[in-house]
Each structure stands twice: as C-alpha cells, then as structure tokens.
1. Assigning unit charges at the beta carbon (Lys, Arg +1; Asp, Glu -1) and nothing else, what dipole magnitude in debye, to the nearest 20, does segment 1-48 show about its Cα centre?
2. I want to verify a result. In a Gaussian network model of the chain, Cα cutoff 10 Å, which of these has the top mean-square fluctuation: Asp47, Asp19, Asp132?
3. Jot down the radius of gyration and Dmax of the chain, Cα atoms only, both in angstrom.
4. First select every other residue whose beta carbon is under 9 angstrom from the beta carbon of Phe17; then total the charges, Lys and Arg +1, Asp and Glu -1.
5. Counting only protein heavy atoms and a 1.4 Å probe, tell me what percentage of segment 9-115's accessible area is made up of carbon and sulfur.
6. Along the positive direction of the dipole of segment 9-115 (beta-carbon charges: Lys, Arg +1; Asp, Glu -1; about the Cα centre), which of Ser69, Pro22, Pro100 reaches farthest?
7. What spacing in nm lies between the two simple spin-label points modelled at Leu45 and Ser161, each 7 Å away from Cα in the Cβ direction?
8. State, as an integer percentage, the relative contact order of segment 9-115 based on alpha-carbon contacts under 8 Å between residues 6 or more apart.
Amino acid sequence: MQVIPAAVGQSDGLLVFWDDQPELGLLFPRSVEVVADVRFGAGRLFDRDCLILYLFIGEQTVEIYLPESLPTRFEQTASVWAFLCAWDPEALKIRYGETPADRSKESMLLLPKLEGERLLDRLRQFVTLTKDKIDEGATTDAYAAGDAAPAWVVRLQQLLSELEHRQ
C-alpha cells in the first residue's frame, strides 16, 4: 500500500507523517508496528522527485513517498530529506484522519535495528549505488545513459556530505 503524506511534523522526538486516508487504520491496526526491513527507492509523484521508503511489516510492503519538502504547521514547509538525514530515526509515526493533530489515529513504526547499520546508512548505500549505476552508464526510466546524476541524487549527496562534516 502507498502512503502519500500531506504534511510532516514531530511529536515525542519522532518524525510524524500525516496522511488523511482513514483506511490507513486498517493498514496499521496497532498503535505500534514492528518493521522487519527497510529499503529506499526513488520515483516521482505529482511531478516531484520523491524518495520512497519501503517498509516490510509482516506479509505486507508499505511504500511511503517522501518528497523533498512537505507542509508543516503555520503554512510553512519543511525539508523532509534534511529531517530524515539529521534525525536518523529509529522510529516514525504515521497519523491518519482528519487533522495532523489527531493523536488518537496514529501508529508508531519501529524501524529495525540492523547490526551496525542505521536508517541513514541504508540511505547512503542507496544514494551511492544509484550514483554508481549512473556513472557506469546504466539506464533506468528516470535517466538515460550518459546523463548527469539527477538533481535529487545531487541534493541527497549534499545533505549527507553536510551531515558528515557536522559530526
């Protein structure tokens, strides 16, 4: 199932993504869900570059589409990719329902603790593999052989590089 957040925020130190689809309550029936594995992908949604966070929960795969920025409170936008890089979360929250403030309709997604590997490490691997494929001249639907790295790859590389310099 696809989750296409309409807003991003934070609650209890966690990133919160809000989607107004009430049927997400069926996808996340418990207040806490344990994610077995995560992977990253990339795509486009409504003509915007998106990271796709694939969460493997039990027998299902959940795709969370993460555009570079999303609205947050007070008519502002926030950089989702920068939040993801800076926070390197061990858990996320998904809220669903009529408003982003409705805490009664949310599920915490506990991300797997992989030995020596965090979510940010998975993102770095994804960006590096994507860049390597481009450099080798591989083709995909998103770009043709010989093209420069897509702008989203460059932006993610910059975010990850800035984060390394701060640490």
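1. Working: 4 positive and 7 negative charges, 36 e Å.
The calculation lands at about 180 debye.
2. Ranking Asp47, Asp19, Asp132 by mean-square fluctuation puts Asp47 first.
3. My reading of the Cα-based Rg and Dmax gives 16.1, 50 Å.
4. +1
5. Numbers: 2910 of 5760 Å².
Roughly 50 percent of what the probe reaches on segment 9-115 is carbon or sulfur.
6. Towards the positive end, the residue furthest out is Pro100.
7. 2.8
8. Answer for segment 9-115 is 34 percent.
The values are calculated or read from the model by the stated rules, or taken from the named source; none is laboratory data. Remember, predicted model here, so these are calculated numbers, not experimental data. Quick reminder, even Gly has a Cβ in these numbers, built from the backbone with ideal geometry, and neighbours come from all protein chains shown. Heads up: the accessible areas ignore ligands, DNA and RNA and are worked out on the full protein's heavy atoms, side chains in. Shrake-Rupley method; radii C 1.70, N 1.55, O 1.52, S 1.80 Å.
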